[in-house]
Amino acid sequence: MRVLVTGGAGYIGSHTVVRLVEAGHEVQVVDDLSNSSPIVLDRIEEITGVRVPLDVVDVTDRGAVTAILAQHPVDAAIHLAGLKAVGESVEQPLRYYRTNLDATFSLVGAMADAGVRTLVFSSSATVYGAQASPPFEEDLPTSATNPYGWTKVMQEQVLRDVAAGDPRWRIALLRYFNPVGAHPSGRIGEDPQGHPNNLVPYLAQVAVGRREKLLVFGDDYDTPDGTGLRDYIHVEDLAAGHLAALETLAAADAGGVRTWNLGTGSGTSVLEVLAAFSRAAGRELPHEVVGRRAGDIAASWADPTRAHRELGWRAEKGIDEMCADTWRWQETNPAGYDGPPA
Ligand code: UFG
């Protein structure tokens, strides 16, 4: 297939592009590079031997997306472009609602005009909100605890309504749990700008000496060791899930919306991740327990049964491999894509 990947220069996007190219698909990346580097395309070429074309375009610009689809006809799109920082979304709600929703309106409108109606959408386990206890399965009601999360809830709803209005649409809503890890080559990985919000990127910066110690946000949760439990999933498994979803949509007898959790099905605590990362880095990483972070829930993990059954997909890599691969990436690219190599 020929596939448009929005946000294809980003963390999840770049790994997904590699997987698509390796499976023989022809990829066109659209990315405004607001939170990514054009060097990613060089690295993808190193890994795959294929130069993937990039259009530096903001997906909210519908005219630009229409022009891209006219110039490079595609069979399907994978839509990952968007803003994703929870704390920032609390401070800048209008920017989050406008950007994430406009991107989806623009892409879906331009696709419909071009007659392309197969779409894989980047959603999040954040749509399970705070009301339920894990494991989370796809039929639970959705809600959110911050504007970023609401943009995912709302985009899912928009896409369900689009498919209800025109049964030719084939749409996958992929609810990612906590993506971590990097390509085993160490050539692509997560490159957060500024202060990392998420656990594993933060630990990687502690390990490489850019941060002093991990702050553990609370050890008084109702969990086995008192720290938060999350379903960490290797970004390579996540990328494979996108490929499986795309190919399943394309082969389906009929249109409609399908929702799949992409997670491993088990929870790992903050202290367990710290121990795994310390093993990967070969030394005990310092930490200090501080108070809970506002908005955090105690535990989140997937019920991945539907994805096993319908996609023939399951996550295969464990937390040690996730940390080892993150560490290889961080150690060889200590300041990310734009910094000097190690
Ligand atoms: N944590 C720390 N210290 C840190 C960072 C995180 O102790 O410096 C803890 C958190 O309290 C939590 C766990 O590590 O228990 C994981 O936190 P992350 O920030 O890595 O991940 P979250 O589960 O909070 O957030 C992720 C995604 C969001 C998404 C959310 C809900 O990053 O995009 O899951 O699905 F909204």
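The values are calculated or read from the model by the stated rules, or taken from the named source; none is laboratory data. For clarity, every value in this text was computed on a predicted model and none was experimentally measured. Cβ coordinates were reconstructed from backbone atoms using ideal geometry, including for glycine residues, and neighbour counts include every protein chain displayed.
Just one residue in the set LEU215, LEU174 is touching a strand residue (DSSP E or B) at 6+ places or on another chain (Cβ under 7 Å), over 30 Å from PHE105 (Cα atoms) and modelled with pLDDT of 95 or more; that residue is LEU215. Taken over segment 148-185, the residue count meeting the criterion of being in a helix (DSSP H, G or I), within 13 Å of the ligand (Cβ to nearest atom), under 30 Å from TRP329 (Cβ atoms) and not β-branched (Val, Ile, Thr) is 3.
Taken as a whole, the condition of being among the polar types (S, T, N, Q) and out of contact with any helix residue (DSSP H, G or I) (no Cβ under 8 Å at 6 or more places or on another chain) does not apply to GLN155.
Evaluated against (1) surrounded by 22 or more Cβ atoms within 10 Å (Cβ to Cβ); (2) in contact with a helix residue (DSSP H, G or I) (Cβ under 6 Å, 6 or more places away or on another chain), ASP231 falls short on exactly one condition, (2). What about TYR232, is it closer than 21 Å to TYR176 by Cβ and of a type in the set (Phe, Trp, Tyr)? So TYR232 fits the description; yes.
Comparison of ALA9, ALA81, ALA67, ALA77 shows that the only residue that is assigned to a helix (DSSP H, G or I), out of contact with any Lys or Arg (no Cβ under 9 Å at 6 or more places or on another chain) and at pLDDT 95 or above is ALA67. For ARG211, the conditions (1) under 22 Å from the mean Cα position of the chain (by Cα); (2) among the basic types (Lys, Arg); (3) closer than 25 Å to PRO340 by Cβ all hold with the exception of (1). Filter segment 41-99 for residues that are touching a residue at least 24 places away in the same chain (Cβ under 8 Å), of a type in the set (Gly, Ala, Ser) and exposed (fewer than 14 other Cβ atoms within 10 Å of the Cβ) and give the result. The answer is ALA70, and nothing else.
The condition of being more than 13 Å from the ligand (Cβ to nearest atom) and at pLDDT 95 or above holds for only one of LEU246, LEU203, that being LEU246.
For segment 26-38, the criterion of a residue being surrounded by 15 or more Cβ atoms within 10 Å (Cβ to Cβ), of a type in the set (D, E, K, R), part of a helix (DSSP H, G or I) and touching a Leu at 6+ places or on another chain (Cβ under 7 Å) is satisfied by no position.
Name the residues in segment 322-331 that are polar (S, T, N, Q) and touching a Pro at 6+ places or on another chain (Cβ under 7 Å), would you? Selection gives nothing. Within segment 209-242, the set of residues being in a loop (DSSP other than H, G, I, E, B) and either near the ligand (Cβ under 7 Å from one of its atoms) or of a type in the set (Phe, Trp, Tyr) (or both) comprises GLY218, TYR221, THR227, GLY228.
Scan segment 79-88 and tell me whether some residue there is more than 16 Å from the ligand (Cβ to nearest atom) and touching a Pro at 6+ places or on another chain (Cβ under 9 Å). No - not one qualifying residue is present in segment 79-88.
Look at GLY63 and say whether it is more than 16 Å from the ligand (Cβ to nearest atom) and not polar (S, T, N, Q). Judged against the criteria, GLY63 is a match. Of the residues LEU107, LEU119, the single one that is surrounded by 16 or more Cβ atoms within 10 Å (Cβ to Cβ) and touching a Ser or Thr at 6+ places or on another chain (Cβ under 7 Å) is LEU107. Here is a list: VAL90, VAL120, VAL116, VAL108. Which entry is in contact with a Gly (Cβ under 9 Å, 6 or more places away or on another chain) and more than 20 Å from TYR232 (Cβ to Cβ)? Answer to the check: VAL90. Among the residues of segment 187-200, those identified as surrounded by 18 or more Cβ atoms within 10 Å (Cβ to Cβ) and more than 8 Å from the ligand (Cβ to nearest atom) are ARG187, ILE188, GLY189, GLU190, ASP191. Evaluation of PRO304 against the conditions (1) touching a residue at least 60 places away in the same chain (Cβ under 8 Å); (2) under 30 Å from GLY226 (Cα atoms) shows that the sole unmet condition is (1).
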